[in-house]
Each structure stands twice: as structure tokens, then as C-alpha cells.
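The values are calculated or read from the model by the stated rules, or taken from the named source; none is laboratory data. Computed from a prediction, not measured in an experiment: that's the story for all the values here. For neighbour counting, all protein chains shown are included, and Cβ atoms are generated from backbone atoms with ideal geometry for every residue, glycine included. Please note that ligands, DNA and RNA were not included when accessible areas were found on the heavy atoms of the full protein model with its side chains. Shrake-Rupley method; radii C 1.70, N 1.55, O 1.52, S 1.80 Å.
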Amino acid sequence: RAAARSGGSAKEASQAFLRSTYYRSWSRAQLNNTEYAPILSVLILAVKYKADSKWRSLTMLEKAACMGSVLFSYIFIYAAATQGGIEHAKMRPGAGGMSPLRPIGAFGRYAATALLLYNVVK
């Protein structure tokens with residue numbers, strides 16, 4: 001509809017949207033979350049199953065690992081989706097368009113994953 005009002009074609013409008021910073025940022029955030037969500041879900045399920053099979057509640061460490069994985073995933077997604085354009089040559093926290101929340105979310109998610117793994121195998 002917008003393309004028809006502006007006199008352009010729908011194909012040009014869709015190509016412009018796919019090149020937009022908005023689309024690229026949200027696409028990266030979604031793809032990254034898609035990589036981590038399945039393994040985190042399985043690890044959370046394994047931690048809960050292990051606790052339930054022993055007829056006990058989750059320990060504080062297990063709760064922290066489960067909640068941390070979700071919280072830090074949300075932080076990373078928010079940071080990646082809202083950071084705008086990126087200059088890869090200058091990419092570091094707070095520079096080149098990179099949000100300082102992005103590495104906090106990423107490293108927090110790595111730590112939560114390690115903590116989940118620890119709770120599964122201990």
C-alpha cells in the first residue's frame with residue numbers, strides 16, 4: 001500500500017525494507033536467539049526433571065541459572081535489536097554502533113549456560 005501511494009513498486013519497497021537497519025537489527029536478534037533458545041530450554045528442562053525425580057525443589061543456584069538464561073537472553077535481544085547500524089571495523093562495546101548491553105547479555109547467557117550444564121551433570 002505504501003509503495004502504491006508513493007508511486008513505487010511493491011518489489012522496490014520490499015527490497016528497501018530488507019536493506020533497512022530496522023530489519024537487519026531485528027533479524028540478527030531473532031537468529032541469535034534461535035541458536036540459543038533450544039539448548040537453554042533443554043537444559044532448563046533437564047535441571048527441573050532432575051530436581052523432580054529426587055522429589056525436591058530447585059536450589060537457589062538452579063533457579064539463578066534458569067532465570068539468568070532467560071534474563072540475559074532478553075538483554076541480548078533488546079541490545080541487538082535496538083542498536084541500529086553497525087560499523088564492523090569499529091565494533092566494540094559502546095563504539096561502532098554496538099550497544100554496551102550486547103556483551104553483557106551475551107556473556108551473561110554464556111555464564112547461565114555453564115551454570116545450567118553444571119547443575120545437570122553434578
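Within the stretch 36-87, track down each residue that is acidic (Asp, Glu) and modelled with pLDDT under 95. Selection gives Glu87 alone. From the residues in the stretch 31-70 that are in contact (Cβ under 8 Å) with a residue 40 or more places away in the chain and under 30 Å from Ser20 (Cβ atoms), which one is least open to solvent (accessible area, probe 1.4 Å)? Checked the stretch 31-70; the qualifying residue least open to solvent (accessible area, probe 1.4 Å) is Leu40.
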